[in-house]
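Read the figures in this text as sums done on the coordinates, not as results from a lab. Owing to the predicted nature of the structure, the values given are computational and were not obtained by experimental measurement. Cβ placement follows ideal geometry from the backbone for every residue including glycine, while neighbour counts extend to all protein chains displayed.
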Amino acid sequence: MAESSVLRAVVQIGLVVWLAGAGACAGPTVQGDAAAEAAASSDQLTRAQVIEHARAFAEHRWSASEANVFHGEDRFGNRIDTPDRPGSGLDTGWSTDGEPNQGVAYQWGGFSTIAEFEAGVAAGKWAGHLPTDGASFFTPEAVGVDCSGLVSRVWRLPRKESTRSLPRICRRLDDWDELLPGDVLNRVDRHTMIFVEWANPARTELRVIEATTREGRVHESVHERQELQRRGYQALRYPPLATR
């Protein structure tokens, strides 16, 4: 068997094992830069800092070139689609028309810092990566964040957690009225989002910051509380944020 075929087979086997335990909007466990420093700094993290950092991801403005666009198979034979407009079909996707784009691009399994995203885009890496036809593959040739990657970054976690692993490091809130800025709404194997504030006095709507495939980027949005609860979301609190 040729060397390239062996490499592809090994990668595919690894992805099958990984996908069995990952789920949607989840990715591999990834060690970030200066992991020990990040772990220590989370002890001093405040809720205001979490929201400020999340908004920085959502409001980040950047420019793309054709080098950042890709629709096809990567070197392992996996289908890759960047969330650009019009190539991805997303009305909200980023573009190369010269106008600044807003929001760090969505990348399945992504765990990029804003600085890493900017450097990757400048180096010609693909800006984001959407899951295609029910198959999700992480590619190191792209930069961006997915939903749990965003949470992991703004909580200053030493590694990228997934929607499945987040409940293991958090405390569940049975009463959603206890939600505070920086807590998350999490649905295992599906999605997670950062709670910002209640969007109305009745507390029936929540404002969140999230990285989604429907927008192809990190953005702020409003969801109905009852609908999220109906779909099985759980309110989670990261212990270092409990009293901050």
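What the table below lists for this structure:
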quantity: Simple spin-label estimate for residue 197 and residue 168 in nanometres, 7 Å along Cα-Cβ; calculated: 3.6 nm
quantity: FRET efficiency for residue 220 and residue 95, using Cβ-Cβ distance with R0 set to 22 Å, rounded to 0.05; calculated: 0.65
quantity: Antiparallel DSSP beta bridges within the range 123-244, as percent of all bridges there, nearest 5; calculated: 90 percent
quantity: The range 166-241, Rg to Rh (Cα coordinates; Rh as Kirkwood inverse mean 1/r); calculated: 0.93
quantity: Cleavage-rule hits (trypsin sites (Lys or Arg not before Pro)) in the range 111-203: DSSP loop, at most 14 neighbouring Cβ within 10 angstrom; calculated: 203
quantity: Distant-in-sequence amide H partners of residue 205 (H built 1.01 Å from N, under 5 Å); calculated: 199, 200, 225
quantity: R0 of 22 Å, Cβ-Cβ distance residue 56-residue 122: FRET efficiency to nearest 0.05; calculated: 0.75
quantity: Residue 204 versus residue 132: modelled label distance in nm, points set 7 Å from Cα along the beta carbon direction; calculated: 4.2 nm
